[in-house]
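Undergrad: One structure is given below, represented as structure tokens, and several questions about it will come after.
The values are calculated or read from the model by the stated rules, or taken from the named source; none is laboratory data. Quantities reported herein were computed from a predicted structural model and do not represent experimental measurements. Note that each Cβ is placed from the backbone with ideal geometry, even for glycine, and that neighbours are counted across all protein chains shown.
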Amino acid sequence: MDNKELAERLREIAGKDYVLTSDMDRMLYSYDASLEKAIPDVVVLPNSTEEVSKIMSLAYREKIPILGRGSGTNLTGGSIPVKGGIVVHFSRMNRILEIDIPNRTATVEPGVITLDLQTEVLKKGFIYQPDPASQKVSTIGGNIAENSGGPHCLKYGVTSNHILGLEVVLNDGTVIWTGGKSRDNPGYDLAGLFVGSEGTLGLVTKAILKLERAPETIKTMLAIYETIEDGANTVSAIIAEGIVPATLEMMDNPVMRAVEETIKVGYPLDAAAVLIIELDGMPEGMDEKAQKIMEICKQNNVREVKLAKDDAERDLLWAGRKGAFGAVGQVRPSYLCCDGTVPRTKLPEVLNKVMDISKKYDVPIGNVFHAGDGNLHPLIMFDERNKDELKRVLKASTDILKACVDVGGTISGEHGVGLEKLKETSFIFCENDIEFERHIKKAFDPDDFINPGKMIPEPVCEQ
Ligand SMILES: Cc1cc2nc3c(=O)[nH]c(=O)nc-3n(C[C@H](O)[C@H](O)[C@H](O)COP(=O)(O)OP(=O)(O)OC[C@H]3O[C@@H](n4cnc5c(N)ncnc54)[C@H](O)[C@@H]3O)c2cc1C
């Protein structure tokens, strides 16, 4: 089937206004927040599960590559159509179908923007916890595919801990439900398998999410350090004390500088690092916990701990943290965000290695990260048009991930493997591990047309 006929068949399914074929439109779907690029043959914007099912069975019969797309904010090339074909953009399937307070669930379509859902449920006194810093833009479908984390996932767990059930369109267009409103379901935990599968096993068309009561009290502190090691040591010391704050987020000096050039938060530009510490929960005992944390900060040479006086001050601290990736665009036009995780106690050692790598490849690196989870996000800043610099950046990124793995960590905390880290899977998986993943992919998609080329490296052919 040629592209013209394909577009015609898709128009019959989704309607003539919801199939995009112009060069300009297709170009707009050729990139995400990674450095990868590839142009799809056609983009379709379905409005229902039934339409998605018909689109999938068309792709299945014709063996056309197909992939889902939320807002294209993923950082590893997950939504890049490397083999062309159909991009299914879920922006019209953005309805919150039900907020069921007695059962503490929300049922949503995949194109719902994460923050829109959080805003709606908060009006009823509830929270949907996973809060990627991209929550103003990212979708629930994308969060599920990437098993996204966020600042509050230290205490509450990542997306997989908050998914109760999924409706999924399988390779031949069959629609299945896995899981549901009850907390324990018999059979294989298929919802668990789909979460984090980077859109390679099927297209999610509905999700039942877990809601929790909003905390009665929140205390947000900014701890200021002369050295990044002191900040990182504070993180391990707080957890070792048996306190699990809602968040422990760290930012180093280069990132604070970039933030202050865009959003005036009042970060101390003469300090090496800051730690945003947030406690939430019942008011009882909260002051004592805050006091204990301040003592731990002092034992780790903190210069000062500031307590946000009101919601406005708290919001400002978070605006700086959540706007940090965008802010580094002030320093250089492009950035590559590495996403390695290490055991918390190894943070100081690995942060020092990151600085060595920055010097070795002569590329500036800033750090803003989920310190409590040991989840580093070194942001390598550069100019994508400078091919020599790009080569050095890619080598630096590989070295950083290797440094994480060498201390017992791994190559992704939350951004997935996508296209960008296929090579680095060899740092953590042996060939048997990878072959088993290929078996799972084959069981769902024997023809390898659902988001092909992602997450699992191709077998190396013997010559
Ligand atoms: C500034 C910035 C900050 C970020 N902060 C965080 C953070 O704190 N934590 C974090 O975890 N990530 C973060 N990210 C990464 C990114 O936002 C997340 O990976 C997010 O979940 C992607 O959502 P999306 O809607 O943009 O999905 P997309 O990028 O469009 O897609 C991501 C993957 O999901 C698949 N997909 C999308 N919808 C479906 C569906 N319905 N069914 C099946 N597969 C589907 C796609 O094929 C692709 O593989 C950040 C990114 C940026 C740019």
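Undergrad: Could you list, in sequence order, all residues of segment 379-413 that are within 16 Å of the ligand (Cβ to nearest atom) and touching a Pro at 6+ places or on another chain (Cβ under 6 Å)?
TA: Met381
Undergrad: How many of the residues making up segment 119-135 are farther than 16 Å from Arg95 by Cα and either near the ligand (Cβ under 7 Å from one of its atoms) or not aliphatic (A, V, I, L, M) (or both)?
TA: Qualifying residue count for the region: 11.
Undergrad: Follow-up question, since we're still on this one. Among Val235, Val195, Val204, which is in contact with a strand residue (DSSP E or B) (Cβ under 7 Å, 6 or more places away or on another chain) and without any contact (Cβ under 8 Å) to a residue 60 or more places away in the chain?
TA: Criteria check complete, one pass: Val195.
Undergrad: Regarding segment 37-48, can at least one residue be identified that is within 15 Å of the ligand (Cβ to nearest atom) and farther than 25 Å from Gly418 by Cα?
TA: yes
Undergrad: Confirm whether Thr76 is over 18 Å from Thr200 (Cβ atoms) and touching an Asp or Glu at 6+ places or on another chain (Cβ under 8 Å).
TA: Taking the combined requirement at face value, the residue does not satisfy it.
Undergrad: Moving on to the next point. For the structure I just gave you, tell me whether Val44 is touching a Pro at 6+ places or on another chain (Cβ under 7 Å) and either among the charged types (D, E, K, R) or surrounded by 23 or more Cβ atoms within 10 Å (Cβ to Cβ) (or both).
TA: Spelling it out, it is not the case that Val44 is touching a Pro at 6+ places or on another chain (Cβ under 7 Å) and either among the charged types (D, E, K, R) or surrounded by 23 or more Cβ atoms within 10 Å (Cβ to Cβ) (or both).
Undergrad: From the residues in segment 382-422 that are without any contact (Cβ under 8 Å) to a residue 40 or more places away in the chain and under 20 Å from the mean Cα position of the chain (by Cα), which one is farthest from Val158 (Cα to Cα)?
TA: Here the residue is Thr398.
Undergrad: If we scan segment 113-126, do we find a residue that is among the charged types (D, E, K, R), closer than 19 Å to Pro215 by Cβ, in a helix (DSSP H, G or I) and in contact (Cβ under 8 Å) with a residue 24 or more places away in the chain?
TA: Yes, some residue in segment 113-126 is among the charged types (D, E, K, R), closer than 19 Å to Pro215 by Cβ, in a helix (DSSP H, G or I) and in contact (Cβ under 8 Å) with a residue 24 or more places away in the chain.
Undergrad: Which of (1) surrounded by fewer than 22 Cβ atoms within 10 Å (Cβ to Cβ); (2) within 30 Å of Asn171 (Cβ to Cβ); (3) within 16 Å of the ligand (Cβ to nearest atom) is the odd one out, the single condition Lys421 does not satisfy?
TA: Among (1) surrounded by fewer than 22 Cβ atoms within 10 Å (Cβ to Cβ); (2) within 30 Å of Asn171 (Cβ to Cβ); (3) within 16 Å of the ligand (Cβ to nearest atom), Lys421 violates only (1).
Undergrad: Just checking, which of Asp172, Asp184 is among the charged types (D, E, K, R) and farther than 24 Å from Glu437 by Cα?
TA: Asp184
Undergrad: Out of all the residues in segment 17-39, is one or more at pLDDT 95 or above, small (Gly, Ala, Ser) and part of a helix (DSSP H, G or I)?
TA: no
Okay, residues lined up against (1) within 16 Å of the ligand (Cβ to nearest atom); (2) within 21 Å of Asn94 (Cα to Cα); (3) more than 19 Å from the chain's Cα centre (by Cα):
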{"residue": "Ser160", "(1), (2), (3)": "yes, yes, no"}
{"residue": "Trp177", "(1), (2), (3)": "yes, yes, yes"}
{"residue": "Ala191", "(1), (2), (3)": "yes, yes, no"}
{"residue": "Ile228", "(1), (2), (3)": "no, no, yes"}
{"residue": "Ile238", "(1), (2), (3)": "no, no, yes"}
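Undergrad: Of these, Gly187, Gly199, which one is surrounded by 22 or more Cβ atoms within 10 Å (Cβ to Cβ) and small (Gly, Ala, Ser)?
TA: Gly199
Undergrad: Here are some residues: Ala145, Ala207, Ala223. Which one is near the ligand (Cβ under 8 Å from one of its atoms) and outside any loop (DSSP other than H, G, I, E, B)?
TA: Only one candidate passes the filter, namely Ala145.
Undergrad: Got a sec? Which of Ile127, Ile144 is touching a helix residue (DSSP H, G or I) at 6+ places or on another chain (Cβ under 7 Å) and surrounded by fewer than 24 Cβ atoms within 10 Å (Cβ to Cβ)?
TA: Ile127
Undergrad: Are any of the residues in segment 81-94 farther than 28 Å from Tyr335 by Cβ, in a helix (DSSP H, G or I), within 25 Å of the chain's Cα centre (by Cα) and within 12 Å of the ligand (Cβ to nearest atom)?
TA: no
Undergrad: With at pLDDT 95 or above, surrounded by fewer than 20 Cβ atoms within 10 Å (Cβ to Cβ) and under 15 Å from the mean Cα position of the chain (by Cα) as the only criterion, which of Leu122, Leu115 stands out?
TA: Leu115
Undergrad: Quick one: which strands (runs of 3 or more DSSP E) sit completely within segment 299-381 and have at least 3 residues that are buried (at least 24 other Cβ atoms within 10 Å of the Cβ)?
TA: Here the list reads 365-370.
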